[in-house]
Every structure is written in C-alpha cells, then in structure tokens.
Amino acid sequence: MTDFFREIQFIASAPRLEHAPVDVGAEVAFVGRSNAGKSSAINAITHRAKLARVSKTPGRTQQLVFFQVQGMLRLVDLPGYGYADVPEAMRAAWGSLIEDYITKRKSLRGLVLVADSRRGLTDLDRQLLEWCAHVKVPVHLLLTKSDKLTSSEKKRVLVEVTPEVDQIHAGSTLQLFSAVNKDGVPAAERHVIQWLKG
Ligand SMILES: Nc1nc2c(ncn2[C@@H]2O[C@H](COP(=O)(O)OP(=O)(O)OP(=O)(O)O)[C@@H](O)[C@H]2O)c(=O)[nH]1
Ligand SMILES: [Mg+2]
C-alpha cells in the first residue's frame with residue numbers, strides 16, 4: 001500500500017463533457033457495466049472506504065465524477081452502461097457521454113474497464129474495447145467480484161477472456177480483482193499509479 005492517494009478528494013461531477021474540469025495533466029477513468037463494481041474498485045485502490053458512492057441500485061452514477069489525486073492528476077468514475085431498466089433515450093445519452101469522454105479527453109492516460117468476473121465481457125464491454133483500440137487508449141481490465149469465484153472458476157475466466165481482449169484491443173492487460181477481499185488491489189493500484197505518473 002502506498003500513500004499516493006492520501007489526499008484524494010472529490011472535485012466535480014459533470015453531466016456533460018463541457019462541464020468537466022480543465023483538460024490538463026493526467027487522468028485515469030473507471031468504466032464498465034452498471035453495478036459491475038467501478039465505484040467499489042476506486043475505493044479499494046485508493047484505500048478510502050467512502051470516496052466514490054457505492055450503490056445496490058444499478059445506474060446510480062449518472063455523471064462523470066472527478067477526483068483530484070494530487071496536483072493535475074485525477075481519477076474519474078464514469079456512468080455505468082447497459083442497465084436494462086432505463087429508457088432508451090437515457091441509455092443513448094450515457095453512451096454518447098462515455099464515447100465523447102473517451103474520444104475527446106486529452107488528459108486520459110488509460111481506462112480501467114471493470115467487469116463482473118462471473119459474467120465475463122458483455123457486448124457493451126466489447127464495443128468499448130473497440131472504441132479504445134480505435135482511438136489508442138490503453139485499457140486495463142479488472143475482472144471483479146473474484147471473491148465469488150472458486151479457484152477453478154478464476155482460472156477459467158482468465159482463459160476465456162484473455163484471448164478475447166487480445167483480439168479486440170491487443171496490448172490491453174487484465175487481472176482478477178475483489179473490492180471485498182482485496183484480491184488484486186496492489187496490482188491494480190500499481191497500474192493506475194504508473195499511468196498517472198506517466
Ligand atoms: N462480492 C463483491 N461485491 C462487490 C464487489 N465490488 C462491488 N460489489 C458490490 O456490487 C454492487 C455495485 O457496486 P458499485 O461499486 O456501486 O458498482 P458501480 O459499477 O459503481 O455501479 P454504478 O455506479 O451503478 O454503475 C454493490 O452492492 C457492491 O457492494 C466485489 O469485489 N465483491
Ligand atoms: Mg458507481
């Protein structure tokens with residue numbers, strides 16, 4: 001555990017990219033399906049229990065939420081996608097907000113894609129990986145909630161997902177992760193810090 005995130009604090013939430021903090025420095029964003037565990041991953045990696053809001057109700061984080069790590073370094077909690085129970089128009093708006101952010105944000109150094117290890121990748125995760133490959137944004141995949149898997153299930157998900165990710169966005173990295181038992185937290189933390197420090 002490092003003290004890199006010791007002074008992290010919420011700075012802004014933005015319903016649209018125009019409302020985001022000025023686009024300088026370096027940023028790492030967490031993205032993924034609604035309820036996958038993005039906010040929990042941010043809290044685990046920063047060693048702050050209640051920094052990002054965790055909810056049992058999917059689709060809670062509907063804005064880009066910015067945290068200042070130190071100076072011009074930031075983490076971003078992106079709105080979750082793919083939640084079935086929202087109107088189509090709202091779903092489309094979330095999609096374009098995320099697409100806008102990924103394609104236009106100059107300070108974006110890398111995306112942490114969070115996916116439930118029990119489900120593997122969804123179609124929207126694959127689409128996101130394709131966008132990232134297209135605009136050359138590096139991706140680190142967290143297969144989270146690994147505390148729910150047996151050791152043979154853990155092996156199987158890695159065997160299944162690794163070639164799939166390689167095929168869509170070669171050079172991406174991936175790991176198992178759990179915000180509950182902290183499996184993989186140090187590795188994820190190192191990855192995020194490396195991106196931020198450039
Ligand atoms: N067992 C287990 N549960 C987890 C883990 N991470 C998150 N959860 C649970 O999954 C639910 C969703 O977690 P969040 O972190 O709020 O997920 P999110 O991706 O930020 O969700 P949205 O903001 O709605 O898109 C909560 O009930 C968490 O407690 C984990 O590693 N293991
Ligand atoms: Mg969230």
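Translational diffusion of the range 109-198, estimated by Stokes-Einstein from the Kirkwood radius over alpha carbon pairs at 20 °C in a medium of 1.002 mPa s, is 162 µm² per second.
Backbone amide hydrogens, once placed in the peptide plane, bring Asp116 within less than 5 Å of Thr144, excluding anything fewer than 5 places away on its chain. Cut-off 10 angstrom, C-alpha nodes, Gaussian network model of the chain. Which of Asp123, Asp23, Asp147 fluctuates the most? Highest fluctuation of the listed residues: Asp123. Ranked for footprinting exposure by Cβ neighbours inside 10 Å, fewest first, Asp166, Asp116, Asp125 give Asp166, Asp116, Asp125. Translational diffusion of the range 9-197 was estimated from the Stokes-Einstein equation, with Rh taken as the Kirkwood radius over Cα pairs; at 10 °C and 1.306 mPa s the coefficient is 97 µm²/s.
Once backbone amide H atoms are built at 1.01 Å from N, Leu176 has Leu143 as its partners under 5 Å, excluding neighbours fewer than 5 places away on the same chain. Each Cα pair under 8 Å and six or more residues apart adds its separation to the average, and for the range 9-197 the resulting relative contact order is 24 percent. Taken one residue at a time, the phi angles of the range 20-34 give Karplus couplings (6.51, -1.76, 1.60, θ = phi - 60°) of 6, x, 3, 7, 10, x, 9, 9, 10, 10, 9, 9, x, 4, 4 Hz. Gly and Pro are set to x. Around Asp147, under 13 Å between beta carbons, what's the net of Lys plus Arg minus Asp minus Glu among the other residues? Spelling it out: positives minus negatives among the neighbours equals +2. Counting DSSP beta bridges with both partners in the chain, what percentage is antiparallel, nearest 5? Percent antiparallel among DSSP bridges in the chain is about 30. Cβ-Cβ distance of Val22 and Thr173, R₀ of 45 Å, FRET efficiency by 1/(1 + (r/R0)^6): the value works out to about 0.95.
Legend: ranking of residues Lys38, Lys182, Lys155 from fewest to most surrounding C-beta atoms inside 10 Å; resulting order Lys155, Lys182, Lys38. Quick one: check the C-alpha center-to-center distance for the range 1-58 versus the range 90-145, whole angstrom. If we compute the Cα centre of each part, the gap is 15 Å. Among His169, Trp94, Phe66, pick out the residue whose Cα is farthest towards the positive end of the charge dipole of the chain, where Lys and Arg carry +1 and Asp and Glu carry -1 on C-beta, about the Cα centre. About the Cα centre, the residue reaching furthest to the positive side is Phe66. Exposure proxy ranking for Phe66, Phe30, Phe10, based on other Cβ atoms within 10 angstrom of each Cβ and starting from the fewest, stands as Phe10, Phe66, Phe30.
Any read-out appearing in this document is the output of simple, stated calculations on the displayed coordinates, not a laboratory observation. Predicted model, so just to flag it, every value in this text is computed and none were measured. With ideal geometry, Cβ positions are generated from the backbone for all residues, glycine too; neighbour counts draw on all protein chains shown.
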